[in-house]
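S.K.: Dumping the structure here so I can ask a few things about it.
The values are calculated or read from the model by the stated rules, or taken from the named source; none is laboratory data. Bear in mind that the values here come from a model prediction, so they are computed numbers and not experimental data. Cβ placement follows ideal geometry from the backbone for every residue including glycine, while neighbour counts extend to all protein chains displayed.
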Amino acid sequence: MNEKELIRQALEARKRAYTPYSNFQVGAALFSADGRVFTGCNIESASYTPSNCAERTAFFKAVSEGVYDFTAIAIVGGPKDAKELEICAPCGVCRQVMMEFCDPKTFRILLGISPEEYQEYTLEQLLPLGFGPGNLGKERKTND
């Protein structure tokens with residue numbers, strides 16, 4: 001799957017965000033090693049703490065279906081009625097979830113404004129010295 005299509009799917013997922021409190025809508029499209037895409041949107045709660053980010057929603061959907069191996073994620077976000085989006089990077093908690101399931105050297109994070117305009121990073125660039133399964137002597141779970 002190319003970057004533009006992955007960002008298009010993230011933009012579509014953003015439309016489903018439930019954000020009655022912040023009105024800041026985020027969409028994510030997670031690409032698995034086996035070629036599937038899992039989308040997610042942010043979901044807020046009046047008590048804030050139980051809210052869930054778009055990125056984690058996509059990861060948890062994939063993992064709940066037995067998929068553990070990922071190559072890229074596209075993330076888009078901004079105020080609900082924004083005419084133009086700005087770069088929206090994943091929060092620290094989402095980066096830590098990515099570290100659980102992704103190779104930090106190769107996992108690609110696309111921060112999109114549109115399918116034509118985006119920035120690309122590796123997880124290692126966004127989470128230097130990240131803590132993951134390898135720090136506990138464990139191997140990252142994959143679908144092998």
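S.K.: Consider only pairs whose beta carbons are under 7 Å apart and that are at least six residues apart or on different chains; among these, list those whose first residue lies in region 118-140 and is more than 13 Å from GLU100 (Cα to Cα) and whose second residue is among the aromatic types (Phe, Trp, Tyr) and surrounded by 12 or more Cβ atoms within 10 Å (Cβ to Cβ).
M.R.: Short answer, once both residue conditions are applied: THR122/PHE107.
S.K.: Name, by its number, the condition in (1) in a loop (DSSP other than H, G, I, E, B); (2) at pLDDT 95 or above; (3) closer than 30 Å to GLY134 by Cβ that does not hold for MET99.
M.R.: Among (1) in a loop (DSSP other than H, G, I, E, B); (2) at pLDDT 95 or above; (3) closer than 30 Å to GLY134 by Cβ, the lone unmet condition for MET99 is (1).
S.K.: What are the pairs with Cβ atoms under 8 angstrom where one residue, in region 20-31, is without any contact (Cβ under 8 Å) to a residue 60 or more places away in the chain and the other, located anywhere, is among the acidic types (Asp, Glu) and surrounded by fewer than 14 Cβ atoms within 10 Å (Cβ to Cβ)? Sequence gap at least six, or different chains.
M.R.: If the second residue must be among the acidic types (Asp, Glu) and surrounded by fewer than 14 Cβ atoms within 10 Å (Cβ to Cβ), the pairs left are ASN23/ASP81.
S.K.: Could I ask something else about it? List every residue pair whose Cβ atoms sit under 9 Å apart, with the two residues 6 or more apart in sequence or on different chains, where the first one lies in region 70-97 and is of a type in the set (Asp, Glu) and the second, anywhere, is surrounded by fewer than 24 Cβ atoms within 10 Å (Cβ to Cβ).
M.R.: As it stands, the answer is ASP81/ASN23; GLU84/GLY78; GLU84/ILE113; GLU84/SER114; GLU86/GLY78; GLU86/ILE113, since those pairs meet every condition given.
S.K.: Under the condition of being surrounded by 18 or more Cβ atoms within 10 Å (Cβ to Cβ) and in contact with a strand residue (DSSP E or B) (Cβ under 9 Å, 6 or more places away or on another chain), which residue from region 116-127 is nearest to GLN9 (Cα to Cα)?
M.R.: TYR118
S.K.: Sort out for me the strands (runs of 3 or more DSSP E) sitting completely within region 1-88 that have 3 or more residues that are buried (at least 16 other Cβ atoms within 10 Å of the Cβ), modelled with pLDDT of 95 or more and small (Gly, Ala, Ser).
M.R.: 24-32, 70-79
S.K.: So in region 74-133, with the set limited to residues that are among the basic types (Lys, Arg) and within 15 Å of the chain's Cα centre (by Cα), which one is nearest to ALA58 (Cα to Cα)?
M.R.: Looking at residues that are among the basic types (Lys, Arg) and within 15 Å of the chain's Cα centre (by Cα), I get ARG95.
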